[in-house]
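The values are calculated or read from the model by the stated rules, or taken from the named source; none is laboratory data. In this text the structure is predicted, and so the values were computed from the model without any measurement. Here Cβ is always computed from backbone atoms with ideal geometry, including for glycine, and neighbour counts include all displayed protein chains.
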C-alpha cells in the first residue's frame, strides 16, 4: 500500500468523524430537517469517499470514522452529561447512519476497465 493511499484513507476517516460529530449536533437541534440533513451529509461523505478513492474501501474509511465519533458521543460522562437523548431522532440517526454506511460500502463503484469499447482479444 502506498503512502498516498494511506493518507487518503486517513483523511477520509477524519472526515467521517467530523461528519459524525456535526450530524449529532444538527439532528438534535433541528429535529425533522436536521435529521435528514445529518443523514444526507453522512451519505455524501461515504459515497464521496468511495468515488474519491476509486474503491469500496473509500466508503469504509469515513464510515469507520463516523462510527467511532458517534459511539464516543453516546457514552455518558461521569458528570451525567450526554449528547444523545433517548428519542426517536437519536435512534434514527444512529441506525440510519449505519444503514447508509452499509449501502454506500456495498454499492460503491469500483475501478472500471479503461479500454476501448471493442471486445478484448481482437
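Between 48, 58, the distinction of being surrounded by fewer than 18 Cβ atoms within 10 Å (Cβ to Cβ) and more than 15 Å from residue 96 (Cβ to Cβ) belongs to 48 only.
For the stretch 24-52, the set of residues classified as in contact (Cβ under 8 Å) with a residue 60 or more places away in the chain and out of contact with any helix residue (DSSP H, G or I) (no Cβ under 6 Å at 6 or more places or on another chain) consists of 28 only.
Do the conditions hold for residue 11, that is, is it part of a helix (DSSP H, G or I) and within 13 Å of residue 96 (Cβ to Cβ)? So residue 11 does not fit the description; no. Please determine whether any residue of the stretch 105-117 is surrounded by 13 or more Cβ atoms within 10 Å (Cβ to Cβ), farther than 24 Å from residue 30 by Cα and modelled with pLDDT of 85 or more. Yes - at least one qualifying residue is present in the stretch 105-117.
Note on the stretch 29-40: residues that are closer than 15 Å to residue 95 by Cα and crowded, with 17+ Cβ neighbours inside 10 Å total 3.
When the test is whether a residue is at pLDDT 90 or above and surrounded by 16 or more Cβ atoms within 10 Å (Cβ to Cβ), residue 13 passes it.
Can we say residue 18 is under 12 Å from the mean Cα position of the chain (by Cα), farther than 17 Å from residue 105 by Cα, surrounded by fewer than 17 Cβ atoms within 10 Å (Cβ to Cβ) and at pLDDT 90 or above? Spelling it out, residue 18 is indeed under 12 Å from the mean Cα position of the chain (by Cα), farther than 17 Å from residue 105 by Cα, surrounded by fewer than 17 Cβ atoms within 10 Å (Cβ to Cβ) and at pLDDT 90 or above.
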